[in-house]
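This report refers to the structure that appears directly beneath it.
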Amino acid sequence: MFTGIVEELGEVVRVTPTAGDSALVAVRGPLVTSDARHGDSISVNGVCLTVVDTADGVFTADVMGETLRRSALGTLRPGDPVNLERAAALGSRLGGHLVQGHVDGVGELISREPAEQWETVRFRLPAALARYVVEKGSITIDGVSLTVAEVGADEFAVGLIPTTLKLTTLGARRVGDPVNLEVDVLAKYVERLLGARLTDGAVVPGVAGPLGGVAGEVA
């Protein structure tokens, strides 16, 4: 579990194809590897990856083909910057919101509108995710916890402050770039519960309602 507060802007060192369509990804991140051990979880652009090994400030992680296909990690190349966050520790402050590191879909940056003290950035999102995005709600973009400022039929906007623009990959994203999206998991649970049907006056759990059930996730 993560909070969506990026700890470090890392760098992809290498991407090595492995058996099948998976890959071994090496990422430089001196801060997040300072106490990392084999089996620990680190969020890379919003995707929860398991540490295989660490050495000299670089950690490696196996990325299965499903994740490469259904997230923007499949486009990573050596030298690319990535947002990094270690798993949250019990008892620590929750600065963002509850983030699983399970990408729900890939969005696309469609516009940037600079202002004096912030920047409004708009993203297109998959139709299946639109119902989970609400104004003033939480969403994770490339591992960054953000508040939704505006919502449209198939797009939404967020406001980025100077710190976010400087210390995360979102400051350098261009129109057309893909981004990993994770909607608020609480919205999906609420949908599942409200979708339960009444049969003979009793609630039947686990039955999808008119909203169409719960969207799938990838690790």
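Taking every residue in region 63-82 that is over 17 Å from A26 (Cβ atoms) and pairing it with any residue that is polar (S, T, N, Q) and crowded, with 19+ Cβ neighbours inside 10 Å, at least 6 positions away or on another chain, the pairs with Cβ-Cβ distances below 6 Å are S71/N180; A72/N180.
The number of residues in region 127-139 being buried (at least 18 other Cβ atoms within 10 Å of the Cβ), more than 11 Å from the chain's Cα centre (by Cα) and aliphatic (A, V, I, L, M) comes to 2.
C48 meets all of the listed conditions (1) farther than 18 Å from G79 by Cα; (2) without any contact (Cβ under 8 Å) to a residue 40 or more places away in the chain but one, namely (2).
Do we have L9 as open to solvent by 70 Å² or more (accessible area, probe 1.4 Å) and closer than 26 Å to G105 by Cβ here? Against the criterion (open to solvent by 70 Å² or more (accessible area, probe 1.4 Å) and closer than 26 Å to G105 by Cβ), L9 qualifies. Please find, among P17, P30, the residue that is exposed (fewer than 13 other Cβ atoms within 10 Å of the Cβ) and in contact with an Asp or Glu (Cβ under 9 Å, 6 or more places away or on another chain). Testing whether each residue is exposed (fewer than 13 other Cβ atoms within 10 Å of the Cβ) and in contact with an Asp or Glu (Cβ under 9 Å, 6 or more places away or on another chain) leaves just P30. Inspect all residues belonging to region 82-98 and state whether any of them is open to solvent by less than 40 Å² (accessible area, probe 1.4 Å), assigned to a loop (DSSP other than H, G, I, E, B) and not hydroxyl-bearing (S, T, Y). Scanning region 82-98, I find at least one residue that is open to solvent by less than 40 Å² (accessible area, probe 1.4 Å), assigned to a loop (DSSP other than H, G, I, E, B) and not hydroxyl-bearing (S, T, Y), so the answer is yes.
Screening region 20-70 for strands (runs of 3 or more DSSP E) wholly inside it with 2 or more residues that are touching a Leu at 6+ places or on another chain (Cβ under 9 Å) and polar (S, T, N, Q) returns the ranges 41-44. If you take the residues in region 143-162 that are touching a strand residue (DSSP E or B) at 6+ places or on another chain (Cβ under 8 Å) and in a loop (DSSP other than H, G, I, E, B), which one is farthest from E116 (Cα to Cα)? So, considering only residues that are touching a strand residue (DSSP E or B) at 6+ places or on another chain (Cβ under 8 Å) and in a loop (DSSP other than H, G, I, E, B), the one farthest from E116 (Cα to Cα) is D154. Going residue by residue through region 110-126, is there one that turns out to be open to solvent by less than 20 Å² (accessible area, probe 1.4 Å), touching a residue at least 60 places away in the same chain (Cβ under 8 Å) and not charged (D, E, K, R)? Among the residues of region 110-126, not one is open to solvent by less than 20 Å² (accessible area, probe 1.4 Å), touching a residue at least 60 places away in the same chain (Cβ under 8 Å) and not charged (D, E, K, R), which makes the answer no. Is region 41-53 home to any residue that is of a type in the set (G, A, S) and surrounded by fewer than 17 Cβ atoms within 10 Å (Cβ to Cβ)? The answer is no; no qualifying residue exists.
May I ask you to list the residues in region 64-122 that are more than 24 Å from G20 (Cβ to Cβ) and among the small types (G, A, S)?
G79, A87, A88, A89, G91, S92, G95, G96, G107, S111, A115
Within region 173-188, the only residue that satisfies the criterion of being closer than 12 Å to G137 by Cβ and in a loop (DSSP other than H, G, I, E, B) is D184.
Scanning region 149-170 for residues being within 15 Å of V183 (Cβ to Cβ) and surrounded by 18 or more Cβ atoms within 10 Å (Cβ to Cβ) gives a total of 2.
The values are calculated or read from the model by the stated rules, or taken from the named source; none is laboratory data. None of these values were measured; they are calculated from a predicted model. Cβ: placed from backbone, ideal geometry, glycine included. Neighbour counts: every protein chain shown. SASA here: full protein model, heavy atoms, side chains in, ligands and nucleic acids out. Shrake-Rupley method; radii C 1.70, N 1.55, O 1.52, S 1.80 Å.
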